[in-house]
Amino acid sequence: MQDYALFDPTPSHFFVSHRIVNHLHMLPSRINMRVIDFTPLEENVDIDNVYGGFRLYIGGYELRVDLMPLNLHDFDLIFGMD
């Protein structure tokens, strides 16, 4: 399985597609959050779950990130850089 990621300087959160969530082998935590204006269409999105403390390895560095699931189509992950 090949995954596609977008490094976006605009959002401050990490997002994951529902397709990837099914392979995380993690249980989500319930949250109630509204993420505003992060998509190119400037949509408001309500987030119900977060996968906290996910270990992500990039270029030999380990990051612990909280992944928020979204209905993503072109990318599997969106990494917020803000």
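What follows draws every value from the coordinates through simple rules; no lab data is involved. As the structure is a computational prediction, the values presented were derived from the model and not from experiment. Here the Cβ positions follow ideal geometry from the backbone for every residue, glycine too, while neighbour counts run over all protein chains shown.
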J(HN,Hα) series, region 71-76, from Karplus relation 6.51 cos²θ - 1.76 cosθ + 1.60, nearest Hz, glycine and proline x:
7, 9, 10, 8, 10, 9
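What net charge do the residues around PRO28 carry, taking every other residue with its C-beta under 12 Å from that of PRO28, with Lys and Arg at +1 and Asp and Glu at -1?
Values: positive: ARG30; negative: ASP48, ASP66.
With Lys, Arg at +1 and Asp, Glu at -1, the neighbours total -1.
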Once the other residues with Cβ under 15 Å from the Cβ of TYR57 are scored (Lys, Arg +1; Asp, Glu -1), what is the net sum?
0
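Net charge near LEU77: determine it from the other residues with C-beta under 12 Å of the C-beta of LEU77, scoring Lys and Arg +1 and Asp and Glu -1. All intermediate terms of the calculation are to be shown ahead of the outcome.
Values: positive: ARG19; negative: ASP3, ASP8, ASP74, ASP76.
With Lys, Arg at +1 and Asp, Glu at -1, the neighbours total -3.
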Other-chain or far-sequence residues with amide H under 5 Å of LEU72's (modelled H)
HIS18
